[in-house]
Amino acid sequence: MSPLRLLILLPLLSCIVQHSSAQEPKVIHAYAVGNWRNGPVVYITPLFATTEAFTTPMLLARVRQDYPEFKDITDIEVQRFATAEEGELSRRELKAKYRVRQLEVRMVEAPPTRP
């Protein structure tokens, strides 16, 4: 490759790399499961929208704030999904699996919408 082509390509490649790293995080969907190991009552939140930028501790804090049932639960797991359809299917399957184990499952209602 000639030095002139290299001088032209380097700034172009630099712009592409900067643009790709500056993109906004993708919207994903998640739900939380409380008391998921052994119950006695397993709590499952509704699916909620979030982004890839949110860490597990950030999502756990949100769940504890939005759903009073989760305030004192220490055994919480967050599940993430690319689409809402995948998330809803997972929630239904998880509920059925806990019922087979004869654990009570409470599907928590959605919190009031945030302003």
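So Glu24 ticks every box in (1) at pLDDT below 95; (2) touching a Leu at 6+ places or on another chain (Cβ under 9 Å) but one. Which box is left unticked?
For Glu24, the failing item is (2).
Give the residue that is farthest from the chain's Cα centre (by Cα), with candidates limited to residues of segment 39-88 that are part of a loop (DSSP other than H, G, I, E, B) and small (Gly, Ala, Ser). If you could, list the steps in order and put the result at the bottom.
Applying the first criterion (part of a loop (DSSP other than H, G, I, E, B)) to segment 39-88 yields 39-40, 45-47, 52-55, 67, 71-75, 82-83.
Filter once more, so that each one left must be small (Gly, Ala, Ser): 39, 53, 82.
Numbers: Gly39: 22, Ala53: 10, Ala82: 9 Å.
Among them, the one singled out is Gly39.
Residues being open to solvent by 60 Å² or more (accessible area, probe 1.4 Å) and closer than 16 Å to Gly34 by Cβ: count how many of those fall in segment 81-98. Walk me through how you get there before you give the answer.
Our first condition is that a residue be open to solvent by 60 Å² or more (accessible area, probe 1.4 Å); within segment 81-98, this holds for 82, 85-86, 88-89, 92-93, 95, 97.
Now restrict to residues that are closer than 16 Å to Gly34 by Cβ: 95, 97.
Summing the residues that are open to solvent by 60 Å² or more (accessible area, probe 1.4 Å) and closer than 16 Å to Gly34 by Cβ in segment 81-98 gives 2.
Would you call Glu52 modelled with pLDDT under 95, loosely packed, with under 13 Cβ neighbours inside 10 Å and touching a Lys or Arg at 6+ places or on another chain (Cβ under 6 Å)? Write out each step before concluding.
Details: modelled with pLDDT under 95: yes; loosely packed, with under 13 Cβ neighbours inside 10 Å: yes; touching a Lys or Arg at 6+ places or on another chain (Cβ under 6 Å): yes.
Taking the combined requirement at face value, the residue satisfies it.
How many of the residues making up segment 61-75 are open to solvent by less than 30 Å² (accessible area, probe 1.4 Å) and of a type in the set (A, V, I, L, M)?
2
The values are calculated or read from the model by the stated rules, or taken from the named source; none is laboratory data. The structure displayed is predicted, hence computed values, not measured ones. Please note: Cβ atoms are built from the backbone with ideal geometry, for glycine as well, and neighbour counts cover all protein chains shown. Accessible surface areas use protein heavy atoms only, side chains included; no ligands, DNA or RNA. Shrake-Rupley method; radii C 1.70, N 1.55, O 1.52, S 1.80 Å.
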